[in-house]
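Asker: Please see the structure below; I have some questions.
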Amino acid sequence: IMATKEKIRNNVDMVTALHACDTATDDAIHFGLERKAKYMFLVPCCQAEIAKHLKDGKSQSLKKPLAELWRHKIHTIEMGSHLTNVLRCLLLESQGYKVSVTELVGWEHSMKNELIIAEYIGSKKGNAQKRIENILEEFNLQNLKSRFIFN
């Protein structure tokens, strides 16, 4: 996406990301935000970045009772995935998008089937950016601020 980014005109109606692994979904979101895309349809996959940070900071985090939610490896992966998509939704809302989250197909077909639908309505959710900052602080993820705060 980064190589062709410069070639695409500024007027973008729709951005899609189907099973965009790890941070590729974030790249698609930022691409859409830069061009104020009218719609974004995102099916994230393999959200490993936050899980890695949760794992790396586990010894420090286990001082908090909430850290039990990601103490075991499988929970770390699931928690990282969930947190990533929550932060993505808040990022979109902070930039004037109405967001809904649903499943693309039934869970019996794929565990990676979360569909994030964002429609640009121009009305920024006022507290979304503060909520992002609070979540990043709560989970000791402040070093990811540039990924989830768009200026």
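No lab work stands behind these numbers, since they all come straight from the coordinates. These numbers were taken from a predicted model, which means no experiment stands behind them. Glycine also receives a Cβ, built like all others from the backbone with ideal geometry; neighbour counts cover every protein chain displayed.
Asker: Can you give the angle from 0 to 90° between the axis of helix 24-34 and the longest principal axis of the chain, with both taken from C-alpha atoms, to the nearest 10?
Answerer: 50 degrees
Asker: Here's a follow-up. Give, rounded to the nearest 20 debye, the magnitude of the charge dipole that the chain has about its Cα centre when Lys and Arg contribute +1 at Cβ and Asp and Glu contribute -1 at Cβ.
Answerer: In total the dipole reaches around 360 debye.
Asker: On the first, second and third principal axes, largest extent first, how far apart are the outermost C-alpha atoms of the stretch 29-81 in Å?
Answerer: 42, 18, 16
Asker: Continuing with this model, one more query. So what is log10(I(q)/I(0)) for the chain at q = 0.11 1/Å, when the Debye sum runs over its Cα atoms only?
Answerer: -0.43
Asker: Let me ask something additional. Project the alpha carbons of the stretch 47-110 onto their principal axes and report the range along each, largest first, in whole Å.
Answerer: Computed over the stretch 47-110, the largest-to-smallest principal extents equal 36, 33, 19 Å.
Asker: When the Karplus curve 6.51 cos²θ - 1.76 cosθ + 1.60 is applied with θ = phi - 60°, which whole-Hz ³J(HN,Hα) does each residue of the stretch 44-52 get, with x for Gly and Pro?
Answerer: For the stretch 44-52, the Karplus-derived couplings read x, 8, 6, 6, 9, 4, 5, 4, 4 Hz, x marking Gly and Pro.
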